[in-house]
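This report concerns only the one structure given below.
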Amino acid sequence: MAVVGLVAKPRWRTVLILRRVLMCAIATIALMALLSVHVREVSKLPGGAAYKLPALRGAKRSLNLETLWKPLPNRDYAPCTDPSSSYSTPPESRGYLLVHANGGLNQMRAGICDMVAVARIINATLVIPELDKRSYWQDSSNFSDVFDEYHFINSLVNDVKIIKKLPKELATATRAVKHFKSWSGMDYYEEEIARLWEEYQVIRAAKSDSRLANNNLPPDIQKLRCRACYEALRFAPEIERMGKLLVDRMRSHGHYIALHLRFEKDMLAFSGCTHDLSPEEAEELKTIRENTTWWKVKDIDPLEQRMSGFCPLTPKEVGIFLRALGFPSNTPIYIAAGEIYGGEPRMAALQSRYPVLMNKEKLASAEELAPFINHASQMAALDYIVSVESDIFIPTYAGNMARAVEGHRRFLGHRKTISPDRKALVRLFNKIEGGTMKEGKNLSNRVIELHRKRQGSPRKRKGPISGTKGTERFRSEEPFYVNPLPDCLCQKESPHMNGSLIIK
């Protein structure tokens, strides 16, 4: 019995081993069969899409987004606004300069900064400018409601003497009221205007916009304009605080675009643009234009305006443009504008493509906006702050705000500003409307190529258009505050920076 037991154990072990080998073989065969079926199913899809395309699409999308939001190369440019060694403190004042700053917020900003320079040129004491209360917007704001008056006066103490009010003894004095010639240079102010001091103690500038030449002024005057605009003329503290709050709330959504959507009643009436409007709307705008006395041009061909690129993009066109550039539908967009003409129905085409559309009213409560709500300049100042601080700024029309924000962003490091080529885009939009072109890769390639060099990269300010003369020559120049290079931006050439090169 003992011998039989000894023989049975080795046989039993052999059976167990064979059973395990057999089970492993069956499992292996089943697994191979399963894999074989899976591979055959995948091979039926074109190009191996089931396992290749998602990874490639995700990588490409990530790469495109990274490129879209990537800051521009600044080429080591930095603000250089310090005066030269020969620049002196303000000489003895010869009289007082009163200024009526005309237009909207950004037109007034540029005019005020120019008047600081004019006061320096003619040795005047500048009285805090009076803001325009009779323009289209009917804003009752005073200088101190919009700007930090104390900071403005003290920042320029070494440049120009500035006071809040004209001395009482001169309140009734006879004033020389002048419409300074547009785009005037040093000779005009040093000779024709300064000569008025022989008869008057007070000179009043009836308008402030575009009264100083863009180019060919002494370097110290140009740098003074930049100090006034980008350092001295900051907004009132309560506006700055609210603006920062809006920026922080936009940042909570991630990278964002500030879209200056100038599809507003005043701009459409002024420019005569009626594309995508009803006959009733077009007639309403025409009536506004005819009844606004200080708008000189009344008879405008809307089709010619649009084909020449002189019209703001419509909300629908903006949606097509952004999609063609490659911005995904979840891109946060801040609408820097007042009331869009046509309201929500006109915004529907853009909203359907980009649902994350924000503005002051969506980001802040009624209580938070209450101090500013009835003052167009103060509301525009909030838009200005959010636009300057945005990752990308896109203006749909080359108006005063678009120019001011672009210039400020250049001064702060050439932050990306995409300027739509409206004249070229209109032709593409017309093809889409006519059915001869579809949205897709072809359109995207065309739009991207058109705007490759329209993103705010460092370059010198453009001079006049060749062949233009007189006033038209000055009008054709790129405005000083659109691009303060080379006057106020210097390129670092070595680690040992010149004393005049300041990084702020």
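The values are calculated or read from the model by the stated rules, or taken from the named source; none is laboratory data. Please read these numbers as outputs of a predicted model, since none were measured by experiment. As a convention, Cβ positions derive from the backbone with ideal geometry for all residues, glycine included, and neighbour counts pool all protein chains shown. When the accessible area is computed, the model is the full protein with side chains, heavy atoms only, and any ligands, DNA or RNA have been set aside. Shrake-Rupley method; radii C 1.70, N 1.55, O 1.52, S 1.80 Å.
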- Query: Do we find that residue 309 is in contact with a strand residue (DSSP E or B) (Cβ under 7 Å, 6 or more places away or on another chain) and in a loop (DSSP other than H, G, I, E, B) in this structure?
  - Reply: no
- Got a sec? Which of 446, 422, 454 is farther than 28 Å from residue 411 by Cβ and either modelled with pLDDT of 95 or more or open to solvent by less than 90 Å² (accessible area, probe 1.4 Å) (or both)? 446
- Note: among 285, 268, 259, 303, just one is farther than 22 Å from residue 135 by Cβ and touching a Phe, Trp or Tyr at 6+ places or on another chain (Cβ under 9 Å), namely 259
- Query: Is it true that residue 333 is under 20 Å from residue 417 (Cβ atoms) and either among the charged types (D, E, K, R) or surrounded by 14 or more Cβ atoms within 10 Å (Cβ to Cβ) (or both)?
  - Reply: yes
- Residue list for the stretch 425-443, filter: farther than 19 Å from residue 397 by Cβ and open to solvent by 10 Å² or more (accessible area, probe 1.4 Å): 431, 432, 433, 434, 435, 436, 437, 438, 439, 440, 441, 442
- Query: Does residue 138 satisfy the condition of being open to solvent by 10 Å² or more (accessible area, probe 1.4 Å), part of a loop (DSSP other than H, G, I, E, B) and of a type in the set (S, T, N, Q)?
  - Reply: yes
- Message: For a quick check of your reading of the model, give me the residue pairs whose first member lies in the stretch 244-263 and is touching a residue at least 24 places away in the same chain (Cβ under 8 Å), whose second is of a type in the set (Lys, Arg) and not in a helix (DSSP H, G or I), with beta-carbon atoms closer than 9 Å and at least 6 apart or on different chains.
- Response: none
- Query: Can residue 436 be described as at pLDDT 95 or above, assigned to a loop (DSSP other than H, G, I, E, B) and of a type in the set (Val, Ile, Thr)?
  - Reply: yes
- All but one of (1) over 19 Å from residue 257 (Cβ atoms); (2) basic (Lys, Arg); (3) touching a residue at least 24 places away in the same chain (Cβ under 8 Å) hold for residue 416, so report the exception by its number. (1)
- Task: Please go through the stretch 350-364 and pick out each residue that is open to solvent by 40 Å² or more (accessible area, probe 1.4 Å), under 17 Å from residue 314 (Cα atoms) and assigned to a helix (DSSP H, G or I).
- Result: 351, 352, 353
- Looking only at the stretch 345-361, which residues are under 23 Å from residue 104 (Cβ atoms) and over 19 Å from the mean Cα position of the chain (by Cα)? 346, 347, 361
- Take the residues in the stretch 457-496 that are farther than 15 Å from residue 75 by Cα and at pLDDT below 90, then tell me which one is least open to solvent (accessible area, probe 1.4 Å). 470
- Task: Quick one: count up the residues across the stretch 166-186 that are in a loop (DSSP other than H, G, I, E, B) and either touching a residue at least 24 places away in the same chain (Cβ under 8 Å) or surrounded by 10 or more Cβ atoms within 10 Å (Cβ to Cβ) (or both).
- Result: 10
